[in-house]
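The block underneath contains the structure these notes are about, expressed in structure tokens.
The values are calculated or read from the model by the stated rules, or taken from the named source; none is laboratory data. As the structure is a computational prediction, the values presented were derived from the model and not from experiment. In this analysis, Cβ positions are derived from the backbone assuming ideal geometry, glycine residues included, and neighbour counts consider all displayed protein chains. Only protein heavy atoms, including side chains, enter the accessible area calculation; ligands, DNA and RNA are left aside. Shrake-Rupley method; radii C 1.70, N 1.55, O 1.52, S 1.80 Å.
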Amino acid sequence: METIDIFRDLAIIVVFAKFFGLVARKLKAPMVVGEIIAGLVIGPCLLNIVQPTEFISIMAEIGVVLIMFSAGLETNLQELKKSGLAAFVIACIGVLVPLVGGSLLYMGMYGFAAVGTDEFFKAVFIGSIMTATSVGITVEVLKEMGHLNSRVGQTILSAAIIDDIIGIIVLTFVLGFKDPDSNTLLVTGKIVLFLVLSVILGYIFYKLFKRYDEKHSHTRRIPIIAIGLCLVMAFVAEKYFGIADITGAYIAGIILCNTRDAEYIDRKVSINGYMFFAPMFFVGIGLKTDFSNVDTSMILFSVGFVAVALLSKIIGCGLVSKCFGYKWTDCLKIGIGMMTRGEVALIITNKGLNLGIIDSSYFTAVILLIIVSSIITPVLLKLLFNKYPESAEKA
């Protein structure tokens, strides 16, 4: 792809994302919904004037990394500690219920198979696709509404981060049945090691950065150093520990969230994210959607796949939240906040395709899930928070 074509695509994406984002805001819907719809309009689904490319995917990945870094900067550590146990349990159940639900869906439609057979393993893999939550969209919506730092917002954020880690462990175990090179013990050990090192090295860097920030407060070098830490953590997390880069970016934000210039850093990062990189992420979801090769049987499976994936998160995460003293309206917010699926679901599906576990036709169901969950989750969250604002007290 020539450089001039990249400029054309970027111009179209930025303009359409802004236009549909403003239309969504006028209609009292979150801007991210408009940006996703913009991707559907300019992508293969409708106008087909912009094709999903590797360059756009890279820009989208940078966008979600910056979103998660910003979320980490806005994290209230005291509130995070309070919701820590609740978030962990919510994440565990939020993985278990979709895993079981997806497996039963496949077996119910294509027949139950004996444990250990290829069909049984395929059913379990379908369930594993449903496990991971994409926190990027939910975070952007909560930030837009000013509820990211509420008790419910922090619980959703914490649970989604833990959810991704558990989802990676589940995927490792599932692939262990099919791929002899997949070492579940080694991967689990890497995850634990990363978290331990993040605490130790994060504390050291926090002390150094805090001292430097006191001498050079509100200077341009502060956000530059901060973004450098974000990118390093994202790289190290995925490259050496097998953890999603967004998790590393979020932890980088947490390391700096109590520094004097945390708000200043967040403001500078948000300018880049809001104007350019974040739209690439949300528009990119729409660009990857193409329903031209879908047959009747796959449509039925896709509808069931989406329904089970959404309801299983609401049931699993929402009901268990009640055990930790949340109001029913807050339980519903948490369940809906955990519904979104994104890059992790695509990564898991791609793993299955590469290993021959599933064929490419199932990719349609995953894309449909990402589109539906990405659109209805922000809308439902906004309706709930507007109708029940008293349940979203600030930390």
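Here are a few things to note about the model shown:
- Cα centroid separation - the range 303-333 against the range 212-272, whole Å: 32
- Divided by 2.2 N^0.38 Å, where N counts the residues, the Cα radius of gyration of the range 104-234 comes to 1.47.
- Convex hull of the range 239-395 built on C-alpha atoms - directionally averaged projected area, nm²: 12.6
- Pairwise Cα inverse-distance average, inverted: Kirkwood Rh of the range 1-75 (Å): 13.4
- Across Cys92, Cys257, the residue with the most accessible area heads the list, and the full order at a 1.4 Å probe is Cys92, Cys257.
- Packing order of peptides 10-22, 153-165, 217-229, highest average first: 153-165, 10-22, 217-229 (average count of other Cβ atoms within 10 Å over each peptide's residues).
- Based on Cα contacts under 8 Å between residues 6+ apart, the chain shows a relative contact order of 29 percent.
- Most to least accessible of Tyr212, Tyr362 (protein chains only, probe 1.4 Å): Tyr212, Tyr362
- Between Leu27 and Ile347, the contour length at 0.36 nm per residue exceeds the Cα-Cα span by 111.9 nm.
- Filter on Lys268/Lys382; Lys26/Lys288; Lys190/Lys313; Lys288/Lys322; Lys122/Lys313 - keep pairs with C-alpha separation over 30 Å: Lys288/Lys322
- Nearest-0.05 FRET efficiency for Phe88 and Leu383, computed from C-beta distance (R0 35 Å): 0.80
- Length-normalised contact order of the range 1-159 in % [C-alpha pairs under 8 Å, at least 6 apart]: 23
- In this simple spin-label model, placing a label point 7 Å from the Cα along the Cα-to-Cβ direction at both Glu2 and Thr188 gives a separation of 5.5 nm.
- Counting only protein heavy atoms and using a 1.4 Å probe, the accessible area of Thr75 comes to about 10 Å².
- Solvent exposure of the range 230-360, expressed per residue, is 41 Å² of accessible area, with all protein chains present and a 1.4 angstrom probe.
- Each of Asn48 and Tyr240 was given a label point 7 Å from its Cα along the Cα-to-Cβ line. The distance between the two points is 4.7 nm.
- Protection proxy ranking for 196-208, 347-359, using the average of other Cβ atoms within 10 Å per residue and placing the highest first: 347-359, 196-208.
- Debye equation applied to the C-alpha atoms of the chain, log10 I(q)/I(0) at 0.12 Å⁻¹: -0.94
- When the residues Lys322, Lys143 are ordered by accessible surface, computed with a 1.4 Å probe over the protein chains alone, the sequence from largest down reads Lys322, Lys143.
- Take the Cβ atoms of Val294 and Val196, set R0 to 41 Å, and the FRET efficiency comes out at 0.35.
- Amide hydrogen proximity for Thr133: with H placed 1.01 Å from N in the peptide plane, the residues at 5 or more positions away or on another chain lying under 5 Å are Asp164.
- In the chain, the DSSP-assigned H stretches of four residues or longer account for a calculated mean residue ellipticity at 222 nm of -25500 deg cm²/dmol, using -39500 (n - 2.57) per stretch and the full residue count as denominator.
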